[in-house]
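Q: Before anything else, here's the structure in question.
The values are calculated or read from the model by the stated rules, or taken from the named source; none is laboratory data. In this text the structure is predicted, and so the values were computed from the model without any measurement. Cβ sites come from the backbone with ideal geometry, for glycine too, and all protein chains shown count toward neighbours. SASA here: full protein model, heavy atoms, side chains in, ligands and nucleic acids out. Shrake-Rupley method; radii C 1.70, N 1.55, O 1.52, S 1.80 Å.
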Amino acid sequence: MLDVVAGLPEGSPIQAVSATEGMEVARVWYETLTGSGVEGVVAKSGRSPYRAGRSSAWKKVRHAETIDAEVVGFTGAVGRPRALAMRLPDGRVALSQRLGAQLAAQVAAALVDVAPAARGRAAGGESFTAAEPGLLVEVLAGTTRHAVVTVTRVR
């Protein structure tokens, strides 16, 4: 199988990845490979075939850390924000993943005095409506290249 991958042209999106059937080996990889940019592991049954797109039979376990972030804006309507723009401890502004209904309602209650006008841009270039600083949220911030930010609660 590696012979096929080795014969692909330079820059091909197809690449070989490590695989194991051993739970302990997977745990060691999960704990030790973050420094090299490995974002986590994918776990699945050995009998589960590959299917393009998302699959409930496959589980991705990513590295993340819980931190507090200051809300500097939002996407969507002030009464039903879809995502939050947050200033992370490194100074970067990132958009969160989509908020669930309960979190969106809590954030909307805290943003009632926002007059949507000013616009801002996240580090990835995404546009958002600016909000007055002061609202803190707890987030799971991805520690790897994708920097996925998930809001877990309002502080």
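Q: Looking at the stretch 114-124, which of its residues are modelled with pLDDT of 75 or more and not in a strand (DSSP E or B)?
A: Hits for the stretch 114-124 are A118, A122.
Q: State yes or no: is G11 at positive phi and either more than 23 Å from the chain's Cα centre (by Cα) or open to solvent by less than 60 Å² (accessible area, probe 1.4 Å) (or both)?
A: yes
Q: Right, here's the next one. Looking only at the stretch 45-54, count every residue that is open to solvent by 90 Å² or more (accessible area, probe 1.4 Å) and either touching a Leu at 6+ places or on another chain (Cβ under 7 Å) or closer than 26 Å to V148 by Cβ (or both) and tell me the total.
A: 3
A quick yes/no check of all residues on (1) under 30 Å from P133 (Cα atoms); (2) among the β-branched types (V, I, T); (3) open to solvent by less than 80 Å² (accessible area, probe 1.4 Å):
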{"residue": "L2", "(1), (2), (3)": "no, no, no"}
{"residue": "A16", "(1), (2), (3)": "no, no, yes"}
{"residue": "T20", "(1), (2), (3)": "no, yes, yes"}
{"residue": "E24", "(1), (2), (3)": "no, no, no"}
{"residue": "V61", "(1), (2), (3)": "no, yes, yes"}
{"residue": "A85", "(1), (2), (3)": "yes, no, yes"}
{"residue": "G100", "(1), (2), (3)": "yes, no, yes"}
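Q: Determine, yes or no, whether R92 is over 13 Å from the mean Cα position of the chain (by Cα) and open to solvent by 80 Å² or more (accessible area, probe 1.4 Å).
A: Spelling it out, R92 is indeed over 13 Å from the mean Cα position of the chain (by Cα) and open to solvent by 80 Å² or more (accessible area, probe 1.4 Å).
Q: Among A6, A69, which is the only one that is surrounded by 12 or more Cβ atoms within 10 Å (Cβ to Cβ) and hydrophobic (A, V, I, L, M, F, W, C)?
A: None of the others qualify; the one that does is A69.
Q: Continuing with the same structure: Could you list, ordered by first residue, the pairs with Cβ atoms under 8 Å in which the first is in the stretch 14-25 and under 12 Å from G46 (Cβ atoms) and the second is not charged (D, E, K, R), at least 6 apart or interchain?
A: Filtered contacts from the stretch 14-25: T20/A26; T20/W29; E21/G46.
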